[in-house]
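To start, the structure under review is shown below, and the notes come after it.
The values are calculated or read from the model by the stated rules, or taken from the named source; none is laboratory data. Computed from a prediction, not measured in an experiment: that's the story for all the values here. Backbone-built Cβ (ideal geometry, glycine too); neighbour counts: all protein chains shown.
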């Protein structure tokens, strides 16, 4: 006897079904901010180093999400949590956390794309940038205020470019089942692929620093009581260690 559960579900084993499932997961959602959880395998490479990560995104709505990263061995590395107008970064190994501005880009020693922290879930699952902000693929004319250009594929973005100061700053491209993001300065490339997805539910072995929807968490933006023994540090301009 079986019962339904909100656990993550891997794409179907059949190759055609797997590609279809992955493509569907990357579509711009009709209702951005839809709840759910998504597991990605990602690779980051750039001028300051490279590495592989497993990323688990758990989102309650457009303003509340948790993004957790672990290494190839499954060891938790960091977690970013947004609760409306506040956010925290948490290091479960060092038992440290800091407060972040969700409207600013997340910065790190291993360079990250200059994309607001609040937009990271939409970027990962294909909701960002909103279609209304993207113009034709041709480069913008001098003085034209058009931050994005791009081309839609059959059902989702095939490519898009973020322009800053009249120059291309960030490129996105779908390559089969992979999503590829390239940043011009500093040079960095991020490639990720959906491994599993499903509804919200408890994650076995989760090292989250608090309960989703915790009233104190929302009100305080992530005080040290969320993790027993955690110490607060500062992350100037959203720069994490």
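Before moving on, here are some points about what is shown:
- Yes/no for residue 127 being farther than 25 Å from residue 239 by Cβ, in a strand (DSSP E or B) and modelled with pLDDT under 90: no
- Highlighted here are the strands (runs of 3 or more DSSP E) found entirely within the range 39-103 that include at least 3 residues which are out of contact with any strand residue (DSSP E or B) (no Cβ under 6 Å at 6 or more places or on another chain): 49-61.
- Positions within the range 151-183 being surrounded by 15 or more Cβ atoms within 10 Å (Cβ to Cβ) and either in a loop (DSSP other than H, G, I, E, B) or on the phi > 0 side of the Ramachandran plot (or both), in sequence order: 156, 177
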